[in-house]
C-alpha cells in the first residue's frame, strides 16, 4: 500500500480513502478507475449489480500496465447481490465476479440484509467463498446494528466492514459503536451526500479556514473517525480534489460542528427491506 491512512481490521490494512464506482457506465468506470489509481487511490469499490465489474478490472489492468500501481497495493471490494444469497447462488456469483474482475477481490460483501434465505445459510456460504479462495476477506453492506451483531455471531470469519450510507447529515453512533465492539469498521457510501454538502455554510466556513472545499472537509471528517470513505465521481479533476485531504487536520471543535449537521431527513438511499429498520437516532 502507498503511504496513506489505513484502518487495520483482523490484520488487514484497508485504505481509508477509496474510489467508488456506483452508477458509472463500464466505459467511464474503466477510465476513472485507471485515473484514480494514477492519482494515488489504492482502494476500489464495485458490485455485481453495478454491471461494471469487468470494466473495473480493465481499469486496474490499465493502471498496472502503465506502471502506476501493483496489484498487491490495491484493496478491491465487490458485493454479492440479494438475488444470490442462497448457498449455490452466492458461490456462483463469487466465482463470476472474480472472473469478471480478472482478480480475486480483497473483500466480498453482502449487499443488503435479507431474511430469506436464512442468515445462517448466507453467512455460511460467504465463509465458504472465503475458504475457497474466492475472496481474502468478507463483510456486510447496509446492515443495521442489531443485524450486524447477529451476522457476526453466525460468521466464522471476521466481518471486516459494514458499508452504509454515511455523511454529515446522518448520525451513526450506534452502528459505529457496534463496529468497534465487534472489532470491525464502517465504510461510508455517498460520503458527500450526493453533492448536497457543496453549499453547506458550516462546511464552507470550515473549509475556508483550511483552504479546502466542503467535500474535502467532509472526507477528512470521515477518515479522522477511522471511517472508510468511497466517494464516486466521473470527473478526473474531482477525483484529484477528493484525494487531496492528507495535508490538513480538523480540530475537535470542527469535527463536532460537522457532527451537529445530522438531521432526521438526512437519509438519501432508503432501500432496505421492510423486514429491517435503521438505527434511528437524532439526539
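Things worth noting here:
- Failed item, numbered, when residue 274 is tested on (1) more than 28 Å from residue 111 (Cβ to Cβ); (2) without any contact (Cβ under 8 Å) to a residue 60 or more places away in the chain; (3) not in a helix (DSSP H, G or I): (1)
- Here region 111-124 is the region considered, the condition is being in contact (Cβ under 8 Å) with a residue 40 or more places away in the chain and either exposed (fewer than 15 other Cβ atoms within 10 Å of the Cβ) or in contact with a strand residue (DSSP E or B) (Cβ under 9 Å, 6 or more places away or on another chain) (or both), and the residue that is farthest from residue 270 (Cα to Cα) is 115.
- Elements of type helices (runs of 4 or more DSSP H) contained in region 145-242, each with 2 or more residues being touching a residue at least 12 places away in the same chain (Cβ under 8 Å) and closer than 30 Å to residue 10 by Cβ: 145-154, 173-181, 214-223
- Residues that are within 23 Å of residue 45 (Cα to Cα) and surrounded by fewer than 17 Cβ atoms within 10 Å (Cβ to Cβ) within region 164-195 comprise 180, 183, 194, 195, listed in sequence order.
- Which listed residue is modelled with pLDDT of 95 or more, out of contact with any strand residue (DSSP E or B) (no Cβ under 7 Å at 6 or more places or on another chain) and more than 23 Å from residue 110 (Cα to Cα), from 260, 193, 283: 260
- Residues located in region 65-81, provided they are crowded, with 17+ Cβ neighbours inside 10 Å and not in a loop (DSSP other than H, G, I, E, B): 75, 76, 77, 78, 79, 80
- Residues located in region 82-119, provided they are more than 12 Å from residue 134 (Cβ to Cβ) and not in a loop (DSSP other than H, G, I, E, B): 82, 83, 84, 87, 88, 89, 100, 109, 110, 119
- Residues in region 142-163 that are buried (at least 21 other Cβ atoms within 10 Å of the Cβ) and within 16 Å of the chain's Cα centre (by Cα) were compared, and the one that is farthest from residue 45 (Cα to Cα) is 148.
- Qualifying residue in region 94-103 (condition: touching a residue at least 40 places away in the same chain (Cβ under 8 Å), in contact with a helix residue (DSSP H, G or I) (Cβ under 8 Å, 6 or more places away or on another chain), crowded, with 24+ Cβ neighbours inside 10 Å and within 30 Å of residue 279 (Cα to Cα)): yes
- Here is the figure for region 249-271: residues that are surrounded by 14 or more Cβ atoms within 10 Å (Cβ to Cβ), touching a helix residue (DSSP H, G or I) at 6+ places or on another chain (Cβ under 8 Å) and in a loop (DSSP other than H, G, I, E, B) total 4.
The values are calculated or read from the model by the stated rules, or taken from the named source; none is laboratory data. All of these numbers come straight from a predicted model, not from anything done at the bench. Methodologically, a virtual Cβ is constructed for each residue, glycine included, from the backbone with ideal geometry; neighbour enumeration extends over all protein chains shown.
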